[in-house]
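Below: one structure, written as structure tokens.
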Amino acid sequence: MMPKAKSSRNQSLLENLRRSTADGALFESASHAALNYMRSVAERPVFPPPSALAKLDHFDEPLPDWPGDAIPTLALLHESGSPATVAQTGGRYFGFVNGGALPAALAVKWLADVWDQNAGMFVGSPITSTLESLCERWLKDLLGLPASTVAGLVSGTSIATLCGLAAARDELLRQAGWDTCARGLFGAPEIRVVVGAQAHATVFKALSLLGLGAERVVVVPADRQGRIEVARIPKLDDRTLLILQAGNVNTGAFDPFHPICTEARKAGTWVHIDGAFGLWAAASPNRRHLTEGFELADSWSVDAHKTLNAPYDNGIILCRHRDALVRSMQLSGSYIVFSEQRDGMIYTPEMSRRARAVELWATLKALGRHGVAALVDELCDNAKLFAEGLVQEGFTICNDVCFNQVLVSCGSPELTRTTLQNIQKSGECWCGSATWQGQFVIRISVCSFMTTGQDIERSIRAFVNARKNALAQIKKP
Ligand SMILES: Cc1ncc(COP(=O)(O)O)c(C=O)c1O
């Protein structure tokens, strides 16, 4: 039977959309807007001022009934959306741990967006599979990881940690004679989870998602820099999952991996290292000592979108035990076509994924081994420069600046808080806050390749002005 003729109205709607796939004017406008943004970002207010935030009202409209023109849609986004962005690709954004975006990686991302590949299987995208394999090989070489290590490319460290802990849970239980994938956790033998008191919030989230219980953990005290105290780690065994970190989110401190991982290997304990931004220290001859012994662990999570300055959405799970990771991420279906080549989805929770290997590959290719080392060193040196400049201006630094993180106090919590508010409003630079050792502190994360010595100087001036204004505000009744 012949299919029914489609309504002519639907046909013309879709015909218009099809025509715009190669619409030069549309994509030239997009590239014009993007270049305009890139060229102005360094001088944009780092956080959008109230006038820019007010423009967000322009987006408030009911769901359109009919297709809209793409060019005015793009113009709306650029005119009212670009000013309301956080200028984190400039050189004076020091919030959270957000990296910049290297041009070489951004450019290939534009092209790969046009490809719109599904990275799940080799048959879905041979080029993406090829680049994933290459990135896996390069990462092992760059970081000095065991030859058996495999890499899954995920959205960020939250998911990478979830994958590492899933593999750990399932492997420890498999060795105890239990198949978690088939039987779940009901009635399973107990496994013990040991974490440092300063483990990142996403570790606890992963534990709760995995049914391991965010609160059912042995918490080992941490020292004043946030490093797990080795002497207080309980006796390890082969029913234990131990979670360590390379780079504390506040101080940047690294757990002492060598003594811990050596014991853990003897005991059959699975060690996972959350190295969201700090794992890259291993790629710098000047900073590698911070990670000594980390290669003895079983799994590692890391972000390319932080220290490495790949564009966002670029996390990696690295696992020494291929079979354990693959078993935990398994999936089957009659229509799925596994190949002799790399099928990326066997290492990740998702089936369909964007081709993030493209940006990772371009980032590694743009930097090379020495470029990665230089980038890591530059971020760390700039953090030291920032801290030293602030000390000269009478601020107190509350951590040992061993990596890229700096914690700052102005003395009283009220003065620190008001100074931070003034910094954030100034548009000159942007920092967040934390409570460290019971004290409210300003938190600086130097994470962008764009940050120069001049940016640091300008930011220190912003700190000084913000504190001067804060003193005047506090004195007023
Ligand atoms: C130590 C640490 N772990 C995990 C995360 C979460 O990473 P993501 O936001 O990429 O999921 C962060 C984020 O800053 C972090 O610093």
At 1.4 Å probe size, put Asp65, Asp57, Asp141 in order of accessible surface, largest to smallest. Asp65, Asp57, Asp141
In the structure displayed, which of Lys306/Lys475; Lys266/Lys306; Lys109/Lys425; Lys205/Lys384; Lys306/Lys384; Lys235/Lys384 lie more than 29 Å apart, Cα to Cα? Lys306/Lys475; Lys266/Lys306; Lys109/Lys425; Lys205/Lys384; Lys235/Lys384
Got a number for the accessible area of His321? Probe 1.4 Å, square angstrom, nearest 10. 60 Å²
Roll a 1.4 Å probe over the protein chains and send me the accessible area per residue for the chain in Å². 47 Å²
List every residue whose amide H lies under 5 Å from the amide H of Gly196, counting only residues 5 or more places away in sequence or on a different chain, with H placed 1.01 Å from N in the peptide plane. Val220, Ile243
Quick check: with the 1.4 Å probe, what order do Ser299, Ser20 take by accessible area, largest first? Ser20, Ser299
Once the convex hull of the C-alpha atoms of the range 118-212 is built, how many Å³ does it hold per residue, rounded to a whole number? 147 Å³
Under the Karplus relation with 6.51, -1.76 and 1.60 and θ = phi - 60°, whole-Hz ³J(HN,Hα) for the range 371-386, x at Gly and Pro, equal x, 4, 4, 5, 5, 4, 5, 5, 4, 5, 5, 5, 5, 5, 4, 4
Whole-Hz ³J(HN,Hα) from phi, Karplus 6.51 cos²θ - 1.76 cosθ + 1.60, for the range 139-156, glycine and proline x: 5, 4, 5, 4, 8, x, 9, x, 4, 6, 5, 10, 10, x, 9, 10, 6, x
Heavy atoms of Lys384 accessible to a 1.4 Å probe, total area in Å² rounded to 10: 100 Å²
Given the protein chains as shown and a 1.4 Å probe, how many square angstrom of Thr130 are accessible, to the nearest 10? 80 Å²
Quantify, in whole percent, the carbon and sulfur part of the accessible surface of the range 295-453 (1.4 Å probe; protein heavy atoms only). 51 percent
Would you please name the chymotrypsin sites (Phe, Trp or Tyr not before Pro) within the range 422-469 that are DSSP coil residues with at most 13 other C-beta atoms within 10 Å of their C-beta? none
Which order do Ser80, Ser8 take by accessible area at a 1.4 Å probe, largest first? Ser8, Ser80
Would you mind classifying the chain by shape? Square roots of the alpha carbon gyration tensor eigenvalues, ordered a ≥ b ≥ c; an a/c under 1.5 is rounded, otherwise it is prolate if a/b is larger than b/c and oblate if not. oblate
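The values are calculated or read from the model by the stated rules, or taken from the named source; none is laboratory data. Treat the numbers as computed from the prediction; the structure is a model and nothing was measured. As a convention, Cβ positions derive from the backbone with ideal geometry for all residues, glycine included, and neighbour counts pool all protein chains shown. Surface accessibility is based on the protein's heavy atoms, side chains included, excluding ligands, DNA and RNA. Shrake-Rupley method; radii C 1.70, N 1.55, O 1.52, S 1.80 Å.
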